[in-house]
Amino acid sequence: MQSHAFYKSRYRYKYPTCAFSVDVLSNPLASFRQKKRVFIVSSLFVQMNTCSLAHPNGQEADSVPAKRLCKGECVQDGSVGGGGGKTSRAVEVSIVMPVHNASCWLDECLQGILNQDYTGSMELSVYDDASTDSSRAIVEGWRERLERRGVSMVISGHDSAQPRGVGHAKNQAVSQSSGTYLCFQDADDVMMPQRIHLQYEACLFNSTSLIGCQVRRDPEGSTERYTRWINNISQDQLSTQGVPEDLLWFYQSVGQGGGVVRVDQCLLVYRYHQQAATHSVLEETIWNLRVAFLQERVINQWESFTIWNAGKQGRKLYRCLSSFNQKKVLAFCDVDENKIKKGFYTYEESKERPKPQIPVLHYRDASPPYIICVKLDMTGGVFEENLKSLHLEEGVDYYHFN
């Protein structure tokens, strides 16, 4: 997910960001199932009921009975447990970590867990999703050091020919965990020493919210605009612009009335590389999920609206709307004189006759509310100043879809 959430046990997908350090789309989570516990997602901390993860490209993420695995015990999917014995006290925080061929990052990741300054009880729940490198051995090699620090370990996995996906791996790691709070950690990321205790404290005061944090990218400068956005988005904008990596999971949480809170400190080093789970999710899959959520949560409540952007992205959004919601579009608006002079956009793919023609106006002549399909931080501040000049309220007069 590059998730960075913390929440109270209920259970990426990694949707939204809620802008905390959750990268837009890495690991998908899906539906919730009752189970009084909490999670911390790769950078989130929240009070929730256990939920299962499903991969947005269609991979299933079957779950197993919610129980601790004992060493050598096999579960229904052929997983082999390597968990330790009983712990002497109840576990407060379970760190949930799916692993697949992460050997080059694991030592640094596990050192970050060892360095946590949180003084409560912790557990590391690892599920190895058919790694073909030395990932499993590396994790096992850290057992003594972590348990000496007071972090109990539960390790399981499978050695099938193919991995079953990050959603499956997270579900298994969640099912075998026992903490009241869940902290999701990607095997290629590194948590700062204060991460768990600061997100844990925030969760105590925001028990129905996902708790995120600010992040630092590695390598430095990768996805610079996105990193700047998630680190600087305001608290009020978290629920209107949020789009974490765990998109489906984020939508599920918001749909059930969950909130989003960010700890405004950098608590996670978030690696960007081509092997990340984020890159395995089809762009069109993400788009369709976001359009469906936008219609359900926003557009279905409006009688009419304007799409801000008469270009490619704005027209694509229009074409993807339901026919009912297409009829609500009063106009497109833009600053491009060529588009405005043309006067209208013709929906050529429509089966209606005559084909729908939607006016194209200058943004000063258009009427709110708006769905804004313009990327932020791409015009040297010109777009942002234009929007500010209209004195509108985000979440009421406009929503970003960019």
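Just wondering, is there one or more residues in region 179-191 that are buried (at least 24 other Cβ atoms within 10 Å of the Cβ) and assigned to a helix (DSSP H, G or I)?
Within region 179-191, not a single residue is buried (at least 24 other Cβ atoms within 10 Å of the Cβ) and assigned to a helix (DSSP H, G or I).
Which of the residues spanning region 107-150 are basic (K, R) and assigned to a helix (DSSP H, G or I)? Break it down into steps so the answer makes sense when it comes.
Of region 107-150, the ones basic (K, R) are 136, 143, 145, 148-149.
Answer for region 107-150, where residues must be basic (K, R) and assigned to a helix (DSSP H, G or I): R136, R143, R145, R148.
Among (1) surrounded by 20 or more Cβ atoms within 10 Å (Cβ to Cβ); (2) under 22 Å from G395 (Cβ atoms), where does A310 come up short?
(2)
Out of L289, L330, L361, which single residue is of a type in the set (A, V, I, L, M, F, W, C) and either at pLDDT below 95 or within 29 Å of the chain's Cα centre (by Cα) (or both)? Quick ask: steps written out before the conclusion?
Details: L330 fails: either at pLDDT below 95 or within 29 Å of the chain's Cα centre (by Cα) (or both); L361 fails: either at pLDDT below 95 or within 29 Å of the chain's Cα centre (by Cα) (or both).
Being of a type in the set (A, V, I, L, M, F, W, C) and either at pLDDT below 95 or within 29 Å of the chain's Cα centre (by Cα) (or both) holds for just one of L289, L330, L361, which is L289.
Among the residues of region 158-173, how many are over 9 Å from Y127 (Cα atoms), aliphatic (A, V, I, L, M) and modelled with pLDDT of 90 or more?
1
Run down D128, D117 and say which single residue is at pLDDT 95 or above, in the same structural domain as C203 (by TED's automatic domain parsing) and surrounded by fewer than 17 Cβ atoms within 10 Å (Cβ to Cβ).
Numbers: D128 fails: surrounded by fewer than 17 Cβ atoms within 10 Å (Cβ to Cβ).
Among D128, D117, only D117 is at pLDDT 95 or above, in the same structural domain as C203 (by TED's automatic domain parsing) and surrounded by fewer than 17 Cβ atoms within 10 Å (Cβ to Cβ).
From the list S350, S304, exactly one residue is polar (S, T, N, Q) and modelled with pLDDT under 95. Which is it? Write out each step before concluding.
On the way: S304 fails: modelled with pLDDT under 95.
Selected residue: S350, the only one of S350, S304 that is polar (S, T, N, Q) and modelled with pLDDT under 95.
The values are calculated or read from the model by the stated rules, or taken from the named source; none is laboratory data. Note that the structure is predicted; figures quoted are calculated from it, not measured. Positions of Cβ are backbone-derived with ideal geometry, glycine not excepted, and every protein chain shown enters the neighbour counts.
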